[in-house]
Amino acid sequence: MLVSVTILVSAILPLAGAWPHPSYTTSTSPLSTSLISDTNLISKYWGQLTPYADNAADYFSVQDVGIPDGCQLEQAHTLQRHSNRFPTSFYDDGLNDENFGKKIMNWTSANAEKFTGPLSFLNSWHYIMGSSLLTGLGASSEFQSGVQFWNRYGRTLYNASAGQLAYNASFENGTARPKPVLRTTSQSRIENSQINWSLGFFGTSFETVPNPKLENFTAPFDLVIIPEGGTENNTLASYDSCFNDDNDPTGQLGDLDLEGYIPMYLKTATARMQQFAPSGFSFTANDTYAMQSLCAYEMAYISSSSFCSLFTLSEWEGFENTLDMEYYYDYSFGSPTGRAQGIGYLQELLARLQNEYITTSNSSVNSTITNNAAEFPLGRPFYADFSHDDIIVSVMTAMSLDYFKDPPSLTQYPPDPNRKFILSRITPFTARLITEVIGCSDAEPGTQSEARTQYSPGQYGYSASNATHKFIRMRLNNGILPLSTIRGGGCAGRTDGLCAMDGFLKSQESAYALSEYNYACFGNYTILAPTSGQDYDGAIVPPS
């Protein structure tokens, strides 16, 4: 039963907020004072707005990145984020950018005095963003992701023939394969991401005889579209049914944290902008922050932006740190609902791994979907679910993957470059968290230090008939995750990211209890110090 929630904040404050913050510290290392115009460099500091690029396989400190001899991929589950989009209506995202656009237009339409120097472009610039939708560049990135998934996983899982470019809906004897079931939310950018990913994986664009009408494009697969935007259960948009996550300040702790960091790290940049402003026009820290955001968004839309050359490298590092702290304290270990938001998908993953339906729900799982073969089939070679960046973060939190339990500093500028929770590496546009099931002939297969190309399923001593030992390995944007850091030790002992299936399942036995789902999502509690950087370990615990 839903109970009332006592809150201390009624609305999100302007970015230069009034919450008290600790004293800030500046690194003793020299700051980069040169303006940077290389977008290939600065785009690596855009957090969740970063263009997709693979992490190195060993980026997350896994030592051995190859699949051992006698082992082979047998199943893959991808949790796929949408790609490049327009800004949203949140204040520190699209609304602040839009307000800056209106401020510039109001000035240039009513005043003759001009911006000068590097800001001269503002004299004829206007805000060109749409709202929330997938951009064309995003669609092309999702298409590429579908192609890549086929090449890396589909070829092995379906024993592709020579030259086969995409999924074939028929077995070699011509009979139909069981249809894959893809799932997406009903939100436009999510569903359009699924469509473009599917064009890459299922290969309508690669037909021997081109079909310009894309007839029968959806014939090889079934699609489950889960409503988003109401209060229904939806593991791919779990905040809909976790009501406290929509309350202030419970669901906005990270947003409040960045409000205090912005005026500190952008003080110099804001003063620099003011030098080129007409008299009577005043830049605020919020304006300068919008200019950084608009650089990222214009690059995601039209691949070019005059805003991108206006900042130093350390200022871009500060920009990314605001996004790191936002997501860590809104969706990860720093959030009272972090585990609750990820537990539903984790329960579905565990059910699929154990070939079990979920007939009743105690979380964001929609049990009308998970209790039948049509919408939640078991034993399929791959699963593809299309979702949001925050869900990926929360799923790893619900797993107790403690590698990422590394809170961003709310005070240090520039931030520590060796920190582990770096959003551009975790959830860039088109991010994907892939769970691999690997079968092995040995219960303790020897490690393989180097990655090896998988040309066919039977390579490197693998035989399906004697691969009775199953292991889990997870990749985040290609980087192999250190499952050995999952709390409790069930996955400890290996240097290659593999975890024995029974050890992985055992490591997740307490995941639901740790999420404190009912209390975190519906309980009556008060956040007393929302900008204190409190460690909730991803869940708020009810009083005893």
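The values are calculated or read from the model by the stated rules, or taken from the named source; none is laboratory data. These figures come from a predicted structure and were not determined experimentally. As a convention, Cβ positions derive from the backbone with ideal geometry for all residues, glycine included, and neighbour counts pool all protein chains shown. Remember, those area values only see protein heavy atoms, side chains included, never the ligands or the DNA or RNA. Shrake-Rupley method; radii C 1.70, N 1.55, O 1.52, S 1.80 Å.
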task: Quickly run through segment 519-543 and pick out the residues that are loosely packed, with under 15 Cβ neighbours inside 10 Å and touching a residue at least 60 places away in the same chain (Cβ under 8 Å).
output: 524, 526, 528, 535
task: Answer with yes or no whether residue 205 is part of a loop (DSSP other than H, G, I, E, B) and at pLDDT below 95.
output: no
- prompt: Looking at (1) within 30 Å of residue 365 (Cβ to Cβ); (2) exposed (fewer than 15 other Cβ atoms within 10 Å of the Cβ), which is the only condition residue 210 fails?
  reply: (1)
message: Looking at segment 494-510 only, could you name the residues that are more than 20 Å from residue 397 (Cα to Cα) and touching a helix residue (DSSP H, G or I) at 6+ places or on another chain (Cβ under 7 Å)?
response: 494
message: Quick check on residue 457: is it surrounded by 16 or more Cβ atoms within 10 Å (Cβ to Cβ) and part of a loop (DSSP other than H, G, I, E, B)?
response: yes
field: Members of segment 299-322 that are in a helix (DSSP H, G or I), touching a Leu at 6+ places or on another chain (Cβ under 9 Å) and open to solvent by 10 Å² or more (accessible area, probe 1.4 Å)
entry: 299, 301, 302, 306, 309, 313
task: Within segment 486-516, work out how many residues are in a helix (DSSP H, G or I), open to solvent by 10 Å² or more (accessible area, probe 1.4 Å) and out of contact with any Cys (no Cβ under 8 Å at 6 or more places or on another chain).
output: 7
message: Where the second residue is open to solvent by 70 Å² or more (accessible area, probe 1.4 Å) and the first is among the β-branched types (Val, Ile, Thr) and lies in segment 104-125, which pairs have Cβ atoms under 8 Å and are six or more apart or on separate chains?
response: 104/126; 108/124
task: Take segment 235-265 and flag every residue that is more than 21 Å from residue 533 (Cα to Cα) and either open to solvent by less than 10 Å² (accessible area, probe 1.4 Å) or assigned to a loop (DSSP other than H, G, I, E, B) (or both).
output: 235, 236, 237, 238, 241, 242
- prompt: Can you spot a residue in segment 119-133 that is open to solvent by 20 Å² or more (accessible area, probe 1.4 Å) and farther than 30 Å from residue 281 by Cβ?
  reply: yes
- prompt: If you go through segment 439-454 one residue at a time, how many are open to solvent by less than 50 Å² (accessible area, probe 1.4 Å), touching a helix residue (DSSP H, G or I) at 6+ places or on another chain (Cβ under 9 Å) and at pLDDT 95 or above?
  reply: 1
Unique residue being assigned by the TED database to the domain that holds residue 509 and either buried (at least 22 other Cβ atoms within 10 Å of the Cβ) or among the aliphatic types (A, V, I, L, M) (or both) when the list is 384, 269: 384
query: Within the bounds of segment 397-410, is there any residue that is more than 22 Å from residue 339 (Cα to Cα) and in a loop (DSSP other than H, G, I, E, B)?
result: no
message: For the structure I just gave you, tell me whether residue 141 is open to solvent by less than 40 Å² (accessible area, probe 1.4 Å), at pLDDT 95 or above and more than 24 Å from residue 365 (Cα to Cα).
response: yes
- prompt: How many of the residues making up segment 71-85 are under 14 Å from residue 428 (Cβ atoms) and either in a loop (DSSP other than H, G, I, E, B) or open to solvent by 10 Å² or more (accessible area, probe 1.4 Å) (or both)?
  reply: 4
task: Could you check, for segment 416-427, whether at least one of its residues is part of a loop (DSSP other than H, G, I, E, B), open to solvent by 10 Å² or more (accessible area, probe 1.4 Å) and either under 25 Å from residue 193 (Cβ atoms) or small (Gly, Ala, Ser) (or both)?
output: yes
message: Looking at 223, 182 in this structure, which one is at pLDDT 95 or above, in the same structural domain as residue 81 (by the TED database), open to solvent by 30 Å² or more (accessible area, probe 1.4 Å) and not in a helix (DSSP H, G or I)?
response: 223
message: Looking at segment 7-26, can you tell me whether even one residue there is open to solvent by 40 Å² or more (accessible area, probe 1.4 Å), modelled with pLDDT of 95 or more and not in a loop (DSSP other than H, G, I, E, B)?
response: no
- prompt: Does residue 177 qualify as being at pLDDT 95 or above, under 23 Å from residue 478 (Cα atoms) and open to solvent by 40 Å² or more (accessible area, probe 1.4 Å)?
  reply: no
- request: Go through (1) under 30 Å from residue 517 (Cβ atoms); (2) among the β-branched types (Val, Ile, Thr); (3) assigned to a helix (DSSP H, G or I) and name the single condition residue 270 misses.
  value: (1)
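Rundown of residues vs (1) in contact with a helix residue (DSSP H, G or I) (Cβ under 8 Å, 6 or more places away or on another chain); (2) of a type outside the set (Ser, Thr, Tyr); (3) open to solvent by 20 Å² or more (accessible area, probe 1.4 Å), yes/no style:
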{"position": "273", "(1), (2), (3)": "yes, yes, no"}
{"position": "284", "(1), (2), (3)": "yes, no, yes"}
{"position": "287", "(1), (2), (3)": "yes, yes, no"}
{"position": "291", "(1), (2), (3)": "yes, yes, no"}
{"position": "297", "(1), (2), (3)": "yes, no, no"}
{"position": "340", "(1), (2), (3)": "yes, yes, no"}
{"position": "345", "(1), (2), (3)": "yes, no, no"}
{"position": "350", "(1), (2), (3)": "yes, yes, yes"}
